[in-house]
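Comments concern the structure below.
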Amino acid sequence: MRPLMLQGHERSITQIKYNREGDLLFSSSKDQKPNVWYSLNGERLGTYDGHQGAVWCLDVDWESRKLITGAGDMTTKIWDVEYGSVIASIAAKSSVRTSNFSFSGNQAAYSTDKAMGQNCELFIIDVRNADSTLSEQAPTLRIPMVESKITSMLWGPLDETIITGHDNGNIAIWDIRKGQKVVDSGTDHTAGINDMQLSKDGTMFVTACKDTTAKLFDSESLMCLKSYKTERPVNSAAISPILDHVVLGGGQDAMEVTTTSTKAGKFDSRFFHLIYEEEFARLKGHFGPINSLAFHPDGKSYASGGEDGFVRVQTFDSTYFENFFE
């Protein structure tokens, strides 16, 4: 099966996300314009124009009505998915690194970078009746991060907690009612965490880390359950919604990449068994590091976004679904 190549971004992809049904695929990149695509045939539906800097993160709510993006122009924007218009634009003091809707879609969280004398901070906003006045309203919660900046973030179950992954490899759970840290992972990872993605039922999540490993954690106790080892930094990892599989993507940092051919196998998507921690497949494709990965919600295909500016949607062959770990 040939992959679908989604060409529409001029610069490297920063994050890709499917909506809940999986019919739409959202992609953000450093070219200031998040895109939305039909995941089935790779047709581009439209762009969301309005940012003035690289868009670092995006998330879509469970009804596919609102899209939240965070960018290097020091704003978080909430968009109308259907019309592509900006519902609200919230100014920050430094660039916005992560942004996520809660599962209910009633709240959203975003975090800012530690830069220009500003500390990294985590903000939680109420987006139920989001409109242009949201930028004047104070956030419902604001937590300064003194130790290390947030590089990835997830909402915990029931919208009561937020899981943050940090630049120093630490993972923490924050109770948003109390506004304080309740669980700390310690030193399972030794370098910055690039990505975290929940399993389908939300009981576990997988991390992708610069220390060349991806690890599986329990999402309540932060106990490290499994570890998947590679030879180079892992930029993204995702858990299959139907099988016990994890896909990892990465490569050297963009600034360390020389002209490497895809045959060298440095930029493959690598599939590991969730439980046995064994690598069982590799898929070539990108001409540079993979920056973001996502499984389709039905588990029959996955998408990867790379430093080369392409999004590739790969549908699995029937042999993939046959159980070969006997």
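Here, each number is a calculation from the coordinates, and none is a lab measurement. These numbers were taken from a predicted model, which means no experiment stands behind them. Cβ sites come from the backbone with ideal geometry, for glycine too, and all protein chains shown count toward neighbours.
Can you give the % of DSSP beta bridges in segment 75-228 that are antiparallel, to the nearest 5?
100 percent
Sticking with the crude label model, points 7 Å out along Cα→Cβ, report the distance from A91 to R232 in nm, one decimal please.
4.1 nm
Hey, got the dipole for the chain? About the Cα centre, +1 on K and R Cβ, -1 on D and E Cβ, debye to the nearest 20?
Approximately 540 debye in magnitude.
Between D131 and L158, what FRET efficiency follows from the Cβ-Cβ distance if R0 is 25 Å, with the result rounded to 0.05?
0.40
Run the numbers on the chain and let me know its relative contact order in percent, using alpha-carbon pairs under 8 Å that are six or more apart.
RCO, the chain: 13 percent.
Based on the mean of other beta carbon atoms within 10 Å per residue, what is the order of 17-29, 124-136, most packed first?
17-29, 124-136
May I ask you to compute the full-extension gain from E43 to I275, defined as 0.36 nm times their residue separation minus their alpha-carbon distance, rounded to one decimal in nm?
Taking 0.36 nm per residue and subtracting the Cα distance, the gain is 79.9 nm.
For T190, project a label point 7 Å along Cα to C-beta. Then give me every residue of segment 155-176 with its amide nitrogen under 14 Å of that point.
169-170
What nm value, rounded to one decimal, do you get for the distance between K284 and N119 when each label is placed 7 Å out toward the C-beta?
The modelled label-to-label distance comes out at 5.0 nm.
Out of these labelled values of P(r) over Cα pairs in 20 Å bins from 0, in percent, (i) 33, 57, 10; (ii) 31, 55, 14, 0; (iii) 34, 61, 5, which was calculated from the coordinates shown here?
Label (iii) holds the value from this structure.
Springs between alpha-carbon atoms under 10 Å, Gaussian network over the chain: tell me which of I68, I176, I78 tops the mean-square fluctuations.
Maximum fluctuation in the GNM of the chain, among the listed residues, is at I176.
List residues of segment 267-293, by number, whose backbone nitrogen lies under 15 Å from a label position 7 Å along Cα→C-beta of M5.
Residues passing the 15 Å test: 284-288.
In a GNM of the chain with a 10 Å cut-off on Cα contacts, which of M223, M153, M74 has the highest mean-square fluctuation?
M223
So how do 94-100, 215-221 stack up, highest first, on mean other-Cβ count within 10 Å?
94-100, 215-221
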